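The block underneath contains the structure these notes are about, expressed in structure tokens.
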Amino acid sequence: MSVTRRETLAGMAATAASLAGAGRARAHSPGWDAIVIGAGTFGAWTAEMLRRAGKRVLLVDAWAPANARASSGGESRMTRGAYGGDEIYSRMASESLVEWKRLSEALALPIFHQTGVLFFFEKEEDYALKSLDVNKRLGLSMERLEPKTLKKRWPQLDWTGIRFGLYEPDFGALMARRAIESLVASFVRAGGAYRHAAIAAPKQGQPLKHLTTSDGEKLYADQYVFACGPWLKTLFPSLLGDRLFVTRQEVFYFAPDAGDRRFGPSALPGWADFNEGDLYYGFPDLEGRGFKIAHDRHGPPVDPDAEDRTPSPEALAVVRAYMARRFPALAKAPLSEARVCQYENSANGDFLIDRHPDWPQVLLVGMGSGHGFKHGPAVGRRAADLILGNGSLEPRFSLKTKSARQDRAVY
Ligand SMILES: Cc1cc2nc3c(=O)[nH]c(=O)nc-3n(C[C@H](O)[C@H](O)[C@H](O)COP(=O)(O)OP(=O)(O)OC[C@H]3O[C@@H](n4cnc5c(N)ncnc54)[C@H](O)[C@@H]3O)c2cc1C
């Protein structure tokens, strides 16, 4: 395999190490126990969990782990326990945090910044009451804060109209791209194999005996895991074409004034303005990248290959208007960076972890729905358990429950 300029440094390290891994594994079998297609958070963690279970695993990506167009290729992603009444996600976030911290501690640069996460609400919301209840039951710290306390602790925000806040001190920000690049490199160092290759769509109506790469090579395994984010729709159009909703999402970073510490991680947590489900969220100026802000509303449908990733003036105007209201000191802050990515949504926001109905040796893992990154380790464990025959299918993650009518319910 040639090393191309598109591979990142971590990708190159992984690639070099993978050749040794691949050679070792192939010495005793022509095939793999499992091939995982897609090295985003879901695929990379599935591969790692299978490797930990002693399986010979090949992880493949068409571009690179956490590449620029993958959802997992962003700079930072929020991790939080609060999920309203959706306890399954609070549990998975908490279980996953243990793995993220372990990975973070093993590296020179942090993967997890424990900034804390602050939600705020204009009225008593069911979501907030249920989050308090679930967190209490799971032993996850959460403080309810009244306006007086909010104003005192974070005077850099304008708290007009805010009824109360919920603060989770144990959660924060995951440095997404760095996390996945590091995970894949450590997977390879521990004996897993990684290949840079694009896998062609399996042929509908025919038995699946092997995978074929774009340059015609055949790859054999007992089990195949497709964790291809929005590209699952391209690979399985008849199955997922009308059940996977890929939407354009824009994220902006702004530079605070020189020397202004009010928007740094020691002064500001990760935050989310719930705003009756019309969410804005962001991070402090992590590692000097800028104050991050995004509007969580689903954008127009896009194709991840054809999408024009030039940030739009309309989306910029929306976040600027919000900042002028809630973060007045940043109203005129210069834009330092912007990214255009995509959510790969299921109808209601639940993930997909299920077998392909025609090929029992194929597991489909995806539909992160704008909140999947943090759950990578827990999703990987569930997917690996299904492959290993240890786990049972979670009904909420089944294909059967994936509707063709969008009605977002998970936040
Ligand atoms: C702007 C934005 C903000 C977000 N914020 C948060 C947040 O704060 N917290 C959170 O938890 N989540 C967040 N998410 C959601 C989260 O990032 C995604 O749910 C998650 O990254 C999805 O991971 P994945 O592994 O399913 O897909 P991806 O990361 O897209 O990975 C899929 C991989 O498959 C590869 N691939 C595709 N086709 C092929 C093929 N034919 N052959 C080989 N490889 C292939 C691709 O190259 C890619 O690397 C956000 C998403 C976006 C876009």
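Ranked from largest, the principal axis spans of the Cα set of segment 172-305 equal 60, 39, 22 Å.
Residues whose amide H lies under 5 Å from that of residue 352, counting only those 5 or more places away or on a different chain, are 366, 367; hydrogens are built 1.01 Å from N in the peptide plane.
Mind listing which chymotrypsin sites (Phe, Trp or Tyr not before Pro) in segment 150-229 are in a DSSP loop and have 14 or fewer other Cβ atoms within 10 Å?
Of the chymotrypsin sites (Phe, Trp or Tyr not before Pro), the ones in loops of segment 150-229 whose Cβ has at most 14 other Cβ atoms within 10 Å are 220.
Computed over segment 356-407, the P(r) tail beyond 18 angstrom holds 35 percent of alpha carbon pairs.
What the phi angles of segment 181-189 give under the Karplus curve with 6.51, -1.76 and 1.60, with θ = phi - 60°, is a coupling list of 4, 5, 4, 5, 4, 6, 4, 5, 4 Hz, glycine and proline written as x.
Considering only alpha-carbon pairs that sit under 8 angstrom and 6 or more positions apart, the relative contact order computed for segment 78-223 is 25 percent. Quick one: net charge of residue 66's neighbours, Cβ under 11 Å, K/R +1, D/E -1? Result for the neighbourhood of residue 66: +1. Taking the square roots of five times each eigenvalue of the Cα gyration tensor of segment 237-293, the equivalent ellipsoid has semi-axes of 33, 14, 9 Å, listed largest first.
Per residue and in Å³, how big is the convex hull formed by the alpha-carbon atoms of segment 200-243?
Residue-normalised Cα hull volume stands at 81 Å³.
Within segment 135-242, the GluC sites (Glu not before Pro) that combine a DSSP coil assignment with at most 13 other C-beta atoms in a 10 angstrom radius are 217. Neighbour counts of C-beta atoms inside 10 Å place 399, 140, 232 in the sequence 399, 140, 232, starting with the fewest.
Can you tell me which of 300-306, 110-116 comes out highest on packing, and rank the rest after it, using the mean Cβ neighbours within 10 Å?
110-116, 300-306
Whole-Hz Karplus values for segment 123-135 come out as 8, 5, 10, 3, 4, 5, 4, 5, 4, 4, 5, 5, 4 Hz, taken residue by residue from phi with 6.51 cos²θ - 1.76 cosθ + 1.60 and θ = phi - 60°; glycine and proline positions read x. Legend: ranking of residues 109, 138, 183, 239 from fewest to most surrounding C-beta atoms inside 10 Å; resulting order 109, 138, 239, 183. Translational diffusion of segment 296-387 was estimated from the Stokes-Einstein equation, with Rh taken as the Kirkwood radius over Cα pairs; at 10 °C and 1.306 mPa s the coefficient is 97 µm²/s. A cut-off of 5 Å between modelled amide H atoms, ignoring neighbours fewer than 5 places along the same chain, links residue 197 with 61, 62.
The 3J(HN,Hα) values that the Karplus relation (6.51, -1.76, 1.60; θ = phi - 60°) gives for segment 42-47 are, in residue order, 6, x, 5, 6, 5, 4 Hz. Gly and Pro appear as x. Hydrodynamic estimate: the Kirkwood radius of segment 80-223 over Cα pairs, inserted into Stokes-Einstein at 37 °C and 0.692 mPa s, corresponds to D of 174 µm²/s.
Beta bridges assigned by DSSP with both partners in the chain are antiparallel in approximately 65 percent of cases. In the chain, inverting the average of 1/r over every pair of distinct C-alpha atoms gives 21.8 Å as the Kirkwood radius. In this structure, the pairs whose alpha-carbon distance is over 29 Å, taken from 123/400; 130/152; 136/233; 101/209; 55/218, are 123/400; 136/233; 101/209.
Amide H contacts of residue 76: 176, each under 5 Å away and 5 or more positions distant or on a separate chain (H built 1.01 Å from N in the peptide plane; Pro and chain starts excluded). Note: relative contact order over the chain, using C-alpha pairs below 8 Å and six or more positions apart, is 22 percent. Stretched out straight at 0.36 nm per residue, the stretch from residue 310 to residue 203 would grow longer than its current Cα-Cα span by 35.1 nm.
Read-outs: derived from the displayed coordinates by stated rules, not from any lab. Computed from a prediction, not measured in an experiment: that's the story for all the values here. A quick note on method: Cβ atoms are made from the backbone with ideal geometry, for glycine too, and the neighbour counts reach across all protein chains shown.
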